1. From the residues in region 203-223 that are open to solvent by less than 30 Å² (accessible area, probe 1.4 Å) and not aromatic (Phe, Trp, Tyr), which one is nearest to Glu41 (Cα to Cα)?
2. Where the second residue is outside any helix (DSSP H, G or I) and loosely packed, with under 14 Cβ neighbours inside 10 Å and the first is touching a residue at least 60 places away in the same chain (Cβ under 8 Å) and of a type outside the set (A, V, I, L, M, F, W, C) and lies in region 97-121, which pairs have Cβ atoms under 7 Å and are six or more apart or on separate chains?
3. Looking for whichever is in a strand (DSSP E or B), among the polar types (S, T, N, Q) and surrounded by 22 or more Cβ atoms within 10 Å (Cβ to Cβ) here; the options are Ser4, Ser69. Which one fits?
4. Just one of Leu281, Leu264 is within 30 Å of Ala86 (Cα to Cα), outside any loop (DSSP other than H, G, I, E, B) and among the hydrophobic types (A, V, I, L, M, F, W, C); which is it?
5. Restricting the search to region 154-179, which residues are outside any helix (DSSP H, G or I), touching a helix residue (DSSP H, G or I) at 6+ places or on another chain (Cβ under 9 Å) and at pLDDT below 90?
6. Just checking, how many residues over region 45-75 are touching a Ser or Thr at 6+ places or on another chain (Cβ under 7 Å), farther than 19 Å from Val219 by Cα and not hydrophobic (A, V, I, L, M, F, W, C)?
7. Does Ile155 satisfy being under 22 Å from Tyr273 (Cα atoms), surrounded by 16 or more Cβ atoms within 10 Å (Cβ to Cβ) and not basic (Lys, Arg)?
8. Is there a residue being among the charged types (D, E, K, R) and within 19 Å of the chain's Cα centre (by Cα) anywhere in region 88-99?
Amino acid sequence: MMISGIVAEFNPFHNGHKYLLEQACGLKIVIMSGNWLQRGEPAIIDKWVRADMALGNGADIVVEMPVFSSVQSADFFAKYAIEILAELGCQQLVFGTDADAIDYDKLREIYSKNAPAMQDFLKMLPQTLSYPQKTQKMWQKFAAVTFAGDTPNHILGLAYTKAAAEFSLKMRPIKRLGAGFHDDSLCEFASATAIREHVGVDLSAVMPNFASFQTAPKVQWSDYFSLLKYRILSADLTDIFQMNEELAARLKSAILTASDFDTLVAQVATKRYTKARVKRLLVYTLLNVGKSQTFELNPPHILGFSKVGQEHLKNVDVVTRIGKAYKDRLTLRADAIYRLGNSEIPEQNYGRRPIITQTLPINE
């Protein structure tokens, strides 16, 4: 049986995500960001509610991506996620893309043969270019193809390609349907951005399990701004992961006048330091992620599974219940801080058991 892997955030789960799961075949393993996300944001609803939505719409296993790997630039986010999926036995990566005619398996082979030269080429490009711009130029040179656009799905698709080369995963891109990533209009396949912009209205037509979303405690960056302000004013920011002296100085200055989170990000970001990078740094600051923090491949934390998924997990080293011996202390701290954003958010780890759902028919 084919084992398909999907990297996701489900922030929140919508019709497009359901469609992606339907296109995957065989056993479907989702590695999902926990309560802090790749572009430096808190998840609008907690990881358990989002995992339950995925399991109810076709996922066989939902495994949590540790916070240190989930809040990363595209390359590291992809590398760590696919490393975990490979350990779980995945054979192909199923992912959404905005591109129509990219042969990702061919790109994977090109990168596998030319990785050192391609990385050297990246280092030679002007520092005035953002990293996504450099990456596209690298692919244009070595793959002899011109890429258009820099949407998050497109950037991640190229990052997945490099990561998959190391672990020999096949690539199965699924063309995104409906609205664009940042489109805030509502339609059948509305984006997660649009859904977050329309909280409070009836969204049952654009997302499965709307009732679960509607009743779940919600958060946004504004719920943590006072805590973040305290951290910036009191901490030695140069001790924070990926922080340099320039960014530390910009943050220390901007926080004195910024009235809200978006204003702070806008004042600190530049062409060189994108808003996404600044927001990730702010997550590291809030969570007190130190410079020496590294990624460790520990047995993954399982949030839920179907009956078929449960059978597969019998042969894999995983964590189904968190106790004192759990090694990922950063994720535990991050979840405790996440709960400070809304007093109604339940305990996220201790005493929680995996969600078990009924098996859906498997498409081989």
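The values are calculated or read from the model by the stated rules, or taken from the named source; none is laboratory data. Because the structure is a prediction, the values reported are computed rather than measured. Using ideal geometry, Cβ is built from the backbone for each residue, glycine included, and neighbour counts are taken over all protein chains shown. Calculation scope for accessible area: heavy atoms of the full protein, side chains included, ligands and nucleic acids excluded. Shrake-Rupley method; radii C 1.70, N 1.55, O 1.52, S 1.80 Å.
1. Ranking the qualifying residues of region 203-223, first place goes to Val219.
2. Listed pairs, sorted by first residue: Thr97/Lys175; Asp98/Gly149; Asp100/Lys175.
3. Exactly one of Ser4, Ser69 is in a strand (DSSP E or B), among the polar types (S, T, N, Q) and surrounded by 22 or more Cβ atoms within 10 Å (Cβ to Cβ), namely Ser4.
4. Among Leu281, Leu264, only Leu281 is within 30 Å of Ala86 (Cα to Cα), outside any loop (DSSP other than H, G, I, E, B) and among the hydrophobic types (A, V, I, L, M, F, W, C).
5. Result: Ser168, Arg176, Leu177, Gly178, Ala179.
6. The qualifying residues number 3.
7. yes
8. The answer is yes; a qualifying residue exists.
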